[in-house]
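Structure record follows, encoded as structure tokens.
The values are calculated or read from the model by the stated rules, or taken from the named source; none is laboratory data. Since this is a predicted model, take the numbers as computed values, not measurements. Every residue, glycine among them, receives a Cβ derived from its backbone with ideal geometry; neighbour counts consider all protein chains shown.
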């Protein structure tokens, strides 16, 4: 199995300097994508990076920094997670990866007094405990209290004994204070009915069309501005060139800077069965990212088919232009916020989306009447969908487009790291 020296994490020389993460191991298709997803999952932004491979051995370096100056990063846990991504080897001969260990699934039932920011406080606590929320159902009872059902995954076996489960509930009660009435946690998986929960409840045709279309509306394009005092973002561009290398295809990308851009690019390439052999990207310049990567098919051949080239360019443009979908609509007399997170072919998606959305709503002082996490399938892909019914008693007039646009703008900016 990979040794400790396969992953090295070095602190910056100064407090404001980024940390350097080095991954040096056997290569595999999607290694860069999995590395970027893990780094995001630990609340880190990637400032710049460098990756190279000879087809068998990969050397990857990334400079990262916490998304929040107050966040405590568990570097030892991050190293452990990154090591688990490295393929096993023996005398530099590739061995098939062992079957991934199935994470334990738990049902957490939480009964609380309703208040602004409660759902985010719970989500933040679970993230700090290295637990991921897979499904969620939040409802408001007639006496104005919240009944929360969380399906959570324990990938690191932090809840493997009953005492630790009870300790987690006690710690959560302490975090929530008087808002928490009761908290229960029980092991329920893996397997049905919790492992294969039903898809998200039916979406109206108008919401489905707005949420999953590829093009941005004029209003959404306006909301994608970095800040009110700068020009609108330049159009994202993707070009392919086969003239600069005998064995590799060059893909050049220019796009707006946002915190998961490298993950979105590597995710799209992985799903297209394209492997990065060399790439380098520098820190953002005036809100723009420039990236050049030399790639091959997974069979170590150049990408020469014009249809394949067009498909890759189209896929990358969609991911860069519209990495996450955010819309707000009316659901009967109520106002509903919806966020869609595209999933990889492996079923994984961008992490901490629910954390970011609930944080944005908390900063706006908006209470959540009900919430739901589920999946939705379109013709070409699977999505993770987050639905929130918003409390009308807030600082924004939810009956006007101005109030709704302000909420969508704040949520999108939080998700993009703007």
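For the stretch 129-141, the set of residues classified as outside any strand (DSSP E or B) and in contact (Cβ under 8 Å) with a residue 12 or more places away in the chain consists of 129, 130, 131, listed by residue number. Highlighted here are the strands (runs of 3 or more DSSP E) found entirely within the stretch 1-63 that include at least 3 residues which are surrounded by 16 or more Cβ atoms within 10 Å (Cβ to Cβ): 19-26, 44-53.
Out of the stretch 139-155, which residues are surrounded by fewer than 16 Cβ atoms within 10 Å (Cβ to Cβ) and under 19 Å from residue 103 (Cβ atoms)? Across the stretch 139-155, the qualifying residue is only 149. Scanning the stretch 272-311 for residues that are under 21 Å from the mean Cα position of the chain (by Cα) and either closer than 30 Å to residue 203 by Cα or not assigned by TED's automatic domain parsing to the domain that holds residue 254 (or both) yields a single hit, 272.
Looking only at the stretch 24-46, residues that are farther than 14 Å from residue 279 by Cβ and more than 17 Å from the chain's Cα centre (by Cα) come to 5 in all. Every condition in (1) farther than 30 Å from residue 295 by Cβ; (2) surrounded by fewer than 20 Cβ atoms within 10 Å (Cβ to Cβ) holds for residue 378 except the one numbered (1). Among the residues of the stretch 336-353, are any without any contact (Cβ under 8 Å) to a residue 40 or more places away in the chain and farther than 30 Å from residue 153 by Cα? No: zero hits.
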